[in-house]
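A short worksheet on the structure shown next.
The values are calculated or read from the model by the stated rules, or taken from the named source; none is laboratory data. Predicted, not measured: the structure shown is a model, and the values here were computed from it. Every residue, glycine as well, gets a Cβ built from its backbone with ideal geometry; the counts of neighbours run over all protein chains shown.
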Amino acid sequence: MTNKEKLYLIPCSFVDENTGTSLYKSGKAEKLNNRNHYFRSIKIVSNFSNNEELVSIKDFKNNFLKQNKMLKKMYENIILEKKLYVKKKNILRNKNYLIFGILNVTPDSFSDGGMFNNEKLSLIRAKEMESEGADFIDVGGESTRPGAQKVNENDEILRVLPTIQSLSNANINISLDTRNSSTMYMSNFYKISIINDVSALRDKNSLEIVKSNNLSVVLMHMPGTPKTMMKKKYNNVLLDTYDFLNKRIQFCEKNGLSKERIIVDPGIGFGKNNNENINLIKNISIFHSLGCPIMLGVSRKRLISNLGSPNLSNERIGGSISFALHAFNQGVEIFRVHDVKETFQALEAWRYAGEKK
């Protein structure tokens, strides 16, 4: 192995391809993160040669696990139970998945811009999504769609605070979608629980605000800014995204933020073309070896239109749910969506159909 080579693990083949049933009882499969998902093989990927090797769990343990400390740590992250502490409660302990309902209080978000940008309408929508199965309402005051200009922080604060206050008074669980530390600081006077940051805490003051207020955080991969991100060129989008998120996790841990308060999001649509987005979704189980819960945010995004006839954002529900089900079958725990009722129903039906009788 050269000094330049790095290896990555992708747990795969969660069910028997012939029978559609789990192989766990036969000892040929391993349980993923102590949840009701199983994998029976490991794909080992090299960044140096772009080679991929698919091996059984038995062969992996015999031929790789004892020889490479980094692979051993990755494998331990894959099979050990993930925890996610929001405030002091481990919210994944009794949950199969979490749904974050999207609530944009903006004039220009790609799907729902201008629909809920006042306190009354946003509260009505938040209560509706909560009743439909949302665990958190993800409130955003800045559009981060490709090409978007940065919003003045004071304008963002004025957009989100009335909604944050009304949701807090209604005891609704709140996730705040912002990349600005000043917005994080002002919103924390109310009962927010999670910061969803497309910049992965790159604002120099953000980490301290998250840490000192006992918040959890979503670290998302976005190269550059919404204005510049589509210019990004990758050596390998999957491995480059993995490395970025790994470095941000290490940064957080080094500065006193526990991994058990971190969620990772590969940033579908943020600085990636259609093929790169599909690559990330197809191989999303690679991120389990980071040891953090994974969030998928693909709801109503433009790439869905490119998989069928062109359509408006509110006509992309079928594609949104299909991607969610694929990710759920790969062990993804968290889904950020516009269509809470439909997503909840689909995940429950998928889960019920797969239960052992």
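Structural remarks
- Hits in the stretch 275-305 (condition: part of a loop (DSSP other than H, G, I, E, B) and closer than 24 Å to Lys95 by Cα): Asn283, Gly291, Cys292, Pro293, Gly297, Val298, Ser299
- Condition broken by Glu333, with the remaining ones in (1) out of contact with any Pro (no Cβ under 6 Å at 6 or more places or on another chain); (2) of a type outside the set (S, T, N, Q); (3) surrounded by 14 or more Cβ atoms within 10 Å (Cβ to Cβ) satisfied: (1)
- Selection status of Ile268, at pLDDT 95 or above, part of a loop (DSSP other than H, G, I, E, B) and touching a Leu at 6+ places or on another chain (Cβ under 9 Å): yes
- Single unsatisfied condition, Gly113 versus (1) out of contact with any Leu (no Cβ under 7 Å at 6 or more places or on another chain); (2) small (Gly, Ala, Ser); (3) modelled with pLDDT of 85 or more: (3)
- Taken across the stretch 314-322, residues that are within 24 Å of Lys231 (Cα to Cα) and either assigned by TED's automatic domain parsing to the domain that holds Thr228 or surrounded by 21 or more Cβ atoms within 10 Å (Cβ to Cβ) (or both) do not occur at all.
- Residues that are β-branched (Val, Ile, Thr) and in contact (Cβ under 8 Å) with a residue 60 or more places away in the chain within the stretch 185-233 comprise Ile194, Val198, Val218, Thr225, listed in sequence order.
- For the stretch 306-344, the set of residues classified as without any contact (Cβ under 8 Å) to a residue 12 or more places away in the chain and either in a loop (DSSP other than H, G, I, E, B) or among the polar types (S, T, N, Q) (or both) consists of Gly308, Ser309, Pro310, Asn311, Leu312, Ser322, listed by residue number.
- Condition check for Gly256: without any contact (Cβ under 8 Å) to a residue 60 or more places away in the chain and either under 19 Å from the mean Cα position of the chain (by Cα) or not assigned by TED's automatic domain parsing to the domain that holds Gly101 (or both): no
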